[in-house]
Amino acid sequence: MNIGLTYDLRSDWLAAGYSPQETAEFDSERTIEAIEEALRALGHRPSRIGRLDALIERLALGPPLACDLVFNICEGMHGIGREAQVPAILDAFRVPYTFSDPLVMALTLHKAMTKRVVRDMGLPTPAFSVVSAPADVEVALAQLSLPIFVKPLAEGTSKGVTPRSLCTSAAQFREAAADLLARFAQPVLAEVFLPGREVTVGVVGTGVRARAVGTLEVRIRPGVEDGVYSYDLKQDFEGKLEYVLAPAELSAEAEALALSAWRGLGCRDAGRVDLKQDAAGRLSFLEVNPLAGLH
């Protein structure tokens, strides 16, 4: 097939004046080259399109896409529907593409809305509250038991997650929530902290054909980042983090829960589901990434 590639190149956004944290989810030149190499090895003919504005320009002004399929890994920069923008445009022009549709992309970037849907499916997820303004902090404190974990409502790559995200007192929670509201100009997700093991399940396929390809356990070495899987830790993980295949019993439970969430949310093709244990060892859904990084 002729396969067009849509992507956000990190170096382009950095050159435009955006910060390393703002561009953390975007891809390197090497990643795009590796995807091209993989597609060629499968007998396809990849060609680069680029990010959202390049796609719009091609569709409006030409040259024509001339694609049988678009391999889409565009994260987008602006708006809570940013991951849905390229799929929506491709849908409008009836161009097939990889990974989830606009509904799934828009829903899953909003962590609280995703948790509401998952909860409605009867799947376990930590109790949570949305803090949209400083006054909401007191509402959240009345609803949730400490410790509470806070993070921006609609970010990836652990943006906004620091050791301060783990709040063991009301005062810490008020301070951390106010800081995130100010820095990210979006609501804050506050949820009851789960102290157990954290795993991430890789999924490929759609609907009944979806299957788990493996479960990785995320282990933070003792004394690192107060045990918080933070943005800085993800950027500088050498010697601080271990990613290990989870043991069979944990994997079986994790993969069953991940696939239930994946199918129930309508995710397509490939992605990742993050889960964590509570103090009793029971796994709960944290979030799903239907556009997982391909480093």
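The values are calculated or read from the model by the stated rules, or taken from the named source; none is laboratory data. Model, not experiment: these values are computed from the prediction. Here the Cβ is made from the backbone with ideal geometry for all residues, glycine too, and neighbour counts use every protein chain on show. Areas reflect the complete protein model, heavy atoms only, side chains present, ligands, DNA and RNA absent. Shrake-Rupley method; radii C 1.70, N 1.55, O 1.52, S 1.80 Å.
Per-residue SASA remark: Y7, around 20 Å² accessible (1.4 Å probe; ligands, DNA and RNA not included). Provide the FRET efficiency to the nearest 0.05 for the Y18-D269 pair, computing r from the beta carbons and using R0 = 22 Å. That pair, Y18 with D269, gives E of 0.20.
Give the accessible surface of the chain per residue, rounded to a whole number of Å², with probe radius 1.4 Å and ligands, DNA and RNA excluded. Could the numbers behind the result be given before it?
Numbers: 13750 Å² over 295 residues.
Ligands and nucleic acids excluded, the result is 47 Å² per residue.
Modelled this way, with points 7 Å down the Cα-to-C-beta line, the labels at Q235 and L42 are 3.3 nm from one another. Rolling a 1.4 angstrom probe over the chain with all protein chains present gives an accessible area of which 56% lies on carbon and sulfur atoms.
L146 contributes about 80 Å² of solvent-accessible surface, heavy atoms of the protein only, 1.4 Å probe. Largest accessible area first, the residues W262, W13 order themselves as W13, W262 under a 1.4 Å probe with ligands, DNA and RNA left out.
Looking at the chain, the DSSP beta bridges with both ends there are about 75 percent antiparallel. Which of the three applies to the range 81-135, rounded, prolate or oblate, going by the alpha-carbon gyration tensor with a ≥ b ≥ c and a/c under 1.5 meaning rounded? Oblate shape, in that a/c is at least 1.5 and b/c is the bigger or equal ratio.
Of the residues V273, V95, V104, the one that moves most in a GNM of the chain with alpha-carbon contacts below 10 Å is V95.
Residues V150, V139, sorted by accessible area with the largest first, give V139, V150 [1.4 Å probe; ligands and nucleic acids excluded]. Note: relative contact order over the chain, using C-alpha pairs below 8 Å and six or more positions apart, is 17 percent. When nucleic acids and ligands are ignored and a 1.4 Å probe is applied, L257 ends up with an accessible area of around 20 Å².
Based on alpha-carbon atoms, the Kirkwood radius and the radius of gyration of the chain give Rg/Rh equal to 0.97. Taking max minus min of the alpha-carbon positions on each principal axis, the range 175-295 gives extents of 44, 33, 33 Å, largest first.
Stretching I80 away from R221 to a fully extended chain increases their span by 47.4 nm, per 0.36 nm per residue minus the current alpha-carbon distance.
Of interest is the spacing of the C-alpha centroids, which for the range 216-295 and the range 69-115 amounts to 22 Å. Each Cα pair under 8 Å and six or more residues apart adds its sequence gap; the mean of these over the residue count of the range 27-175 is a relative contact order of 13 percent.
Is the shape of the range 245-295 rounded, prolate or oblate, going by the alpha carbon gyration tensor and its root eigenvalues a ≥ b ≥ c, with a/c under 1.5 for rounded and a/b larger than b/c for prolate? Please list the in-between numbers first.
Numbers: a/c = 1.90, a/b = 1.60, b/c = 1.18.
Since a/c reaches 1.5 and a/b is larger than b/c, the shape of the range 245-295 is classed as prolate.
Between rounded, prolate and oblate, where does the range 9-98 land on the alpha carbon gyration tensor, with a ≥ b ≥ c its root eigenvalues, rounded for a/c under 1.5, else prolate if a/b exceeds b/c? Since a/c reaches 1.5 but b/c is at least a/b, the shape of the range 9-98 is classed as oblate. Hydrodynamic estimate: the Kirkwood radius of the range 51-197 over Cα pairs, inserted into Stokes-Einstein at 20 °C and 1.002 mPa s, corresponds to D of 125 µm²/s. Computed about the Cα centre, the dipole magnitude for the chain is approximately 500 debye when only Lys and Arg (+1) and Asp and Glu (-1) carry charge, each at its Cβ.
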